[in-house]
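See structure below.
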2 protein chains.
Amino acid sequence: MTDTAAPPTLDDVARLARVSTATVSRCINSPDRVAASTRARVETAIKTLGYTPNFAARFMAAKRTFTIGAIIPTMENAIFARGLQAFQEELHQRGYTLLVSSSAYKAEAEEEQIRTLVARGADGLLLIGHDRDPQIYDYLAQQHVPVLVAWSYSETARVPSIGFDNRAAMRSLAERMIALGHKRIAMISGISEQNDRARLRIEGVKDAMAAHGLDPERLAPVELPYDVHSGAAAFVDLMSHSPRPSLVLCGNDVLAVGALRGAHQLGLKVPEDVSITGFDDIELAQVVTPELTTVHVPHREMGRKAAQELVGMVEEKRQGVSEKLETTIMERSSVSILRDQSE
Amino acid sequence: MTDTAAPPTLDDVARLARVSTATVSRCINSPDRVAASTRARVETAIKTLGYTPNFAARFMAAKRTFTIGAIIPTMENAIFARGLQAFQEELHQRGYTLLVSSSAYKAEAEEEQIRTLVARGADGLLLIGHDRDPQIYDYLAQQHVPVLVAWSYSETARVPSIGFDNRAAMRSLAERMIALGHKRIAMISGISEQNDRARLRIEGVKDAMAAHGLDPERLAPVELPYDVHSGAAAFVDLMSHSPRPSLVLCGNDVLAVGALRGAHQLGLKVPEDVSITGFDDIELAQVVTPELTTVHVPHREMGRKAAQELVGMVEEKRQGVSEKLETTIMERSSVSILRDQSE
DNA sequence: TTGTACGCGTTATCAG
DNA sequence: CTGATAACGCGTACAA
């Protein structure tokens, strides 16, 4: 128990076990390539010394860290939580450690964190969405760090993605709402700059409107940070216009919950007085009253597949292949039927 | 744009700038110790090469990383999100990067992640709560890595903590409820093994009961994972017993929201038929109907102060000093008044 | 002010 | 199956 000593090194272990450092290293990295007897000796030495490999040294020599980095826009709400959890679990099964950083939806912060994670030897990176300064992709390419994007699917983007078609998903939700008889449609969106999910969801609504004889230009989505408070304020403001919308489509569930609160403040009943929808289907959506009609995203599947693909890219040094995941509309009780739908 | 080349090194920069590697290193780490003219040359070289210092090499040579690690029990709900966000912001201001890992409330996972983060050169560690295998503290001491605990305050623990008194906080909530006339009290708790917050909150309720002539042994808290579904199931089960409790105290807001759902399933009105309380005062508490009576925790203050203290410990190589933060009871609408409270 | 040279703790190559 | 030994990229005495 020499508590003041510096952490033990490979050398210390080697000396104690009366072998060379190479042998100790082998015991750790390919145990089968060393005799059982000596291995036993080494293992005891490791135990008694409380030896832990020095990571930096290992990285310098081997250039691999078995670490994957992920940068998500926020940890403040649960949007990315389930997917990330699944991502981590799958990674862990494959012997990788996940390190997470949050950018607070700020492009510069994200860039800095990308550099940080790469410098720290991340073998691969998971990023959310495609929209970012192209220079970053140059940097990543130069550093030979594989990158995979999640939460957004794109065929044309520079890096592979495991995600869903935000535009199509939102379009089909909007079309369903239109089929239900909603015509006066408003939208509360996340901030679309540097955020393809937000941007594409707006486009999806416009697609639906255009396809059904509504003027997309009249949508005029308001863009705000993804938090409950903003959602509530925007909703209250929206309701002060006339004619009032019969439906408020929200860019995600958090904004939708905010809208629900706004309605509550105004004494408006949902869905009788106004309908509200969300996107993501996080736990929150089923916990509020009324439960939210929203777009279900296969969070866990996405996380799991992203991990598989990213590890594949890292280990086989190959290009990643994109995959589009399916979303489904969850019709719950925050939407009213204005017109009977018998076809 | 030689895209196939390996990342540039100090050596490359030195060659291009026609100086030694030592000079380049100085330009980066103590710019004032080098002549302005040569510094300019070096800086251009760095720019044109797109040089980024290799982190592992730097760590090996300098033994500092300006990285702080944090291991939280979960990212799945927002319990730790706000505090962690504040922690990160404060860290960033001081030039440190935060790396986060989640243990899914599993002790072995946490231990592994502690080792991972230390091996990766974390200058300091933030941990949640005090309950863990003492060996881990030995390891951390041996590695000379400063540790700070948050979300729980203790004077007697081996490591310093910035947190609140979970026991006293829960006790005063329970006392307030008793003062309101509640006598048939049930509790839905998190799993208390290896979780001092959960454990102390149970104790707090028992303290309050004992102090007011109620038998603490009759509390019989049920312990479950912190998720909405578990909370709902436990609540439904609790309500099948007779006599039914008039009040269900929950170990945190997530369980309380679950209880609310359970009540809804049962057709029970809250607070008319049964009262429910939470703990933490996360955003969720104000978003559900009825809004949750709960214990407010100063998340952001805790995160900020934890960052300050931990950086202090790292930079000044000193023992950390603990601080107890205040909590307050937020009385909202999930609790009924059974008895008039004029004193 | 600048350069030389060594050490940090591993892994990997190559003999033995 | 095992042992020397050369990298890996950088910081820093020490020397010039």
Accessible area expressed per residue, segment A:166-297, with surrounding protein chains retained (probe 1.4 Å, Å²)
37 Å²
So the compactness index of chain A, its C-alpha Rg divided by 2.2 N^0.38 Å, takes the value 1.27
I'd like the residues of segment B:232-261 whose 1.4 Å-probe accessible area shrinks by no less than 20 Å² going from the isolated chain to the full set of protein chains.
B:R261
Counting Lys and Arg as +1 and Asp and Glu as -1 over every other residue whose Cβ sits under 11 Å from the Cβ of B:G129, the net charge comes to 0
Rg over Rh, two decimals, the protein assembly as shown (C-alpha only, Kirkwood Rh):
1.00
Checking the table A:K106/A:K305; A:K183/A:K206; A:K63/A:K317; A:K47/B:K63 against a 20 Å threshold on Cα-Cα, which pairs fail?
A:K106/A:K305; A:K47/B:K63
Please turn the phi angles of segment A:215-226 into ³J(HN,Hα) values with the Karplus equation 6.51 cos²θ - 1.76 cosθ + 1.60 (θ = phi - 60°), one per residue in order, whole Hz, x for glycine and proline.
7, x, 5, 7, 5, 6, x, 8, 10, 8, x, 6
Of all accessible surface on chain A at a 1.4 Å probe, what whole percent is carbon and sulfur?
50 percent
Rg over Rh, two decimals, segment A:212-309 (C-alpha only, Kirkwood Rh):
1.04
For segment B:1-68, dividing by residue count, accessible area per residue (probe 1.4 Å) in Å² works out to 63 Å²
Residues of segment B:135-151 with accessible area at least 40 Å² lower in the all-protein-chain context than alone (1.4 Å probe)?
B:Q142, B:Q143, B:H144
May I ask you to report, in nm to one decimal and beginning with the shortest, the distances from A:P243 to the same position in the other copies, taking label points 7 Å along Cα-to-Cβ?
5.7
Result for interface chain A to chain B, accessible surface buried in total, 1.4 Å probe, Å² to 100, stands at 4500 Å²
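Calculated from DSSP H runs of 4 or more alone, at -39500 (n - 2.57) each and per residue, what is the 222 nm mean residue ellipticity of the protein assembly as shown, nearest 500?
Value at 222 nm, helices only: -13500 deg cm²/dmol.
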Let me know the mean shielding of A:112-120 by other chains, meaning the per-residue number of their Cβ atoms within 10 Å of its Cβ.
4
What net charge is computed for the residues neighbouring B:A157, neighbours being all others with C-beta under 10 Å from the C-beta of B:A157, Lys and Arg scored +1, Asp and Glu -1?
-2
State, to one decimal in nm and shortest first, how far the label point of A:E316 sits from each corresponding label point in the other identical copies (label point: 7 angstrom along Cα-to-Cβ).
5.5
Here the whole-number average of other chain Cβ atoms within 10 Å per Cβ of B:47-58 is 4
For A:K269, which inter-copy label distances result when the label point lies 7 Å beyond Cα on the Cα-to-Cβ vector, reported in nm to one decimal and in ascending order?
1.6
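The values are calculated or read from the model by the stated rules, or taken from the named source; none is laboratory data. No experiment lies behind these values; they were computed from the predicted model shown. Here the Cβ is made from the backbone with ideal geometry for all residues, glycine too, and neighbour counts use every protein chain on show. Note: accessible area is taken over every heavy atom of the protein model, side chains too, but ligands, DNA and RNA are not part of it. Shrake-Rupley method; radii C 1.70, N 1.55, O 1.52, S 1.80 Å.
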